[in-house]
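Below: the structure, in structure tokens.
The values are calculated or read from the model by the stated rules, or taken from the named source; none is laboratory data. Please read these numbers as outputs of a predicted model, since none were measured by experiment. Positions of Cβ are backbone-derived with ideal geometry, glycine not excepted, and every protein chain shown enters the neighbour counts. The area values use the complete protein model at the heavy-atom level, side chains included, leaving out ligands, DNA and RNA. Shrake-Rupley method; radii C 1.70, N 1.55, O 1.52, S 1.80 Å.
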Amino acid sequence: PMADAKDPAQPEAPTKTETDPKKTEQSTEAPLPKKADVLRNLPSKADLLTKPPFDWIFLKNDDVLSVKPLQPRPKTLDQINEKRKQLAQPPKSPPRMPGESQDAYAVRLRQAAEENRKLKEKFDSVEVELPDSTQVAEEEEDSSYKLNVDKFISEITNFEDIVLRRVDLLLDKGELEDAYELLLFVDRRHLGWPGCDERMNRFLLLDAQGKLARREAEEAFVLLE
């Protein structure tokens, strides 16, 4: 598990629905990996294509949780924060219905306020589910729980973005076929995923440059066009 030393930036004691990520283990008796480590040691192309997909949650102490793909996506944390921003605005009171008594209207106002409060609470936390292979503390009944956004979460990287990071490395090394295979993989999972088109354009440019170097001018210009 993560170190037990108290971090003043962390909450004192999370509630049952506001679980402390210290209770999770990505492998038996092993500490959670650090952000710098996972970014430096990206999954291989073979692992990305064959193993179950996952998202990374970067915690505020730089530890990383691997979790089953989150919703909404893409840009999970941006979408959650945008929804929270909208819910922070004072809700508009529903209009009073014709013939509705003052008492009935007051009840309906209270119900609307309660629904808005519950919705705010929902988006204050991210519901996560750990991969099937992850060890959890014995007192936990299952591998799913909630993480408070403000208290714990620094960043979320979706699986497709992890794949695109590997694509960048493959393009850097000129391994175009492998990069193209992963680009198609992302496109099949989520058509129009942000950043995919830019990588595809880079792939086409590098492929065309290679063909020009091999004096395959016609094929190169077709790609460039």
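For the reader, a short list of remarks on this structure follows.
- Peptides ranked, highest mean first, by Cβ atoms within 10 Å: ranges 71-77, 211-217, 87-93: 71-77, 211-217, 87-93
- The gain in end-to-end length when the Lys60 to Gln89 segment is fully stretched comes to 7.8 nm, 0.36 nm per residue minus the alpha carbon separation.
- Protection-proxy order for peptides 39-51, 196-208, each taking the mean of Cβ atoms within 10 Å per residue, highest first: 196-208, 39-51
- Distance (nanometres) between label positions extended 7 Å along Cα→Cβ at Leu205 and Glu114: 5.8 nm
- Listed residue pairs exceeding 31 Å between alpha carbons, taken from Lys35/Lys120; Lys85/Lys146; Lys83/Lys173: Lys83/Lys173
- Charge dipole magnitude, Cβ of K and R +1, D and E -1 - segment 80-196, Cα centre, debye nearest 20: 1120 debye
- Rough spin-label spacing in nm, given labels placed 7 Å along Cα→Cβ, for Ala217 and Glu82: 4.7 nm
- Over segment 26-100, Cα pairs under 8 Å with separation of 6+ residues give a relative contact order of 24 percent.
- Pairwise label distance in nanometres, Asp150 with Leu184, each label 7 Å out on the Cα-Cβ vector: 4.8 nm
- Accessible surface of Tyr180 - all protein chains present, 1.4 Å probe, nearest 10 Å²: 90 Å²
- Dividing the mean sequence gap of close Cα pairs (under 8 Å, 6+ apart) by how many residues segment 136-225 holds gives a relative contact order of 19 percent.
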